[in-house]
Amino acid sequence: MILTKAQYDEIAQCLVSVPPTRQSLRKLKQTFPSQSQATLLSIFSQEYQKHIKRTHAKHHTSEAIETYYQRYLNGVGRNGSAPVLLELANEVDYAPSLMARIILERFLQDHEETPPSKSVINSMLRDPSQIPDGVLANQVYQCIVNDCCYGPLVDCIKHAIGHEHEVLLRDLLLEKNLSFLDEDQLRAKGYDKTPDFILQVPVDSGRA
């Protein structure tokens, strides 16, 4: 099914007031039942990432970070089991996983002698059980699993889809009896840039 520009614009306009959660995707599917889930997710991700890039800087000022952190502390102080961090992210229109990163980094500044490295932060986001505070670990987990556009869970899904497509392409090349080199073979030959596959002999579209 071909999506017209008018249809795309209608969906994109609907996304202006929708937070980046899986619940929002379900509502989007109800609003546009004729569109596939994959199409809606693709548009959702593309439009939301544009929005995040435009507004990223304002969420990373020292004033904004301190405001978010104090609101987080006040929220979990009242009810540590409530989705404080997720609701905060949705309220200020920022990706939940990115908000979780901001609060985690700020928390560790108060509780670690030295600033945590990026690899340590990434590891904690991938596995919140490593976070040395049970309440924050749960808050971060809620953000990660409810974020459709950013975070380690989304990265894992993207990697799995990319691998699946790579396998399908390899099978197609073998089916067509086309000679090719894969990434490992290209690296062994010293190539700086390594696409998934490169044909060893050019072919015309008629043969493929």
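Structure data summary
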read-out	value
Highest average packing first - 31-42, 117-128, Cβ atoms within 10 Å	117-128, 31-42
Environment charge at TYR72 (Cβ cut-off 14 Å; Lys +1, Arg +1, Asp -1, Glu -1)	-2
Amide H partners (placed H, <5 Å) of PHE180, local residues excluded	GLN200
Theoretical gain in end-to-end length, LYS5 to THR194 [0.36 nm per residue, Cα-Cα removed]	64.6 nm
Per residue value of the accessible surface for the chain (all protein chains in place, 1.4 Å probe), Å²	61
Cα gyration tensor category, rounded, prolate or oblate, for region 87-208 with a/c compared to 1.5	prolate
Contour excess over end-to-end distance, with Cα ends at ASP133 and LEU178 and 0.36 nm allotted per residue	10.7 nm
Accessible-area composition of region 1-148, carbon plus sulfur, in percent [1.4 Å probe]	53
Distance (nanometres) between label positions extended 7 Å along Cα→Cβ at GLU164 and GLN185	2.6
Cα shape, the chain, gyration tensor, a/c 1.5 rule	oblate
Relative contact order of the chain, defined on C-alpha pairs under 8 angstrom at six or more residues apart (%)	17
Entries of LYS53/LYS176; LYS50/LYS118; LYS5/LYS193; LYS5/LYS176; LYS118/LYS193 with Cα pairs more than 32 Å apart	LYS53/LYS176; LYS5/LYS193; LYS5/LYS176
Efficiency of FRET between GLN70 and SER36 - r from beta-carbon atoms, R0 30 angstrom, step 0.05	0.10
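The values are calculated or read from the model by the stated rules, or taken from the named source; none is laboratory data. Given the structure is predicted, the values throughout are model-derived calculations rather than measurements. Note that we place each Cβ from the backbone using ideal geometry, even for glycine, and neighbour counts take in every protein chain shown. Side chains included, ligands, DNA and RNA excluded: accessible areas come from the protein's heavy atoms. Shrake-Rupley method; radii C 1.70, N 1.55, O 1.52, S 1.80 Å.
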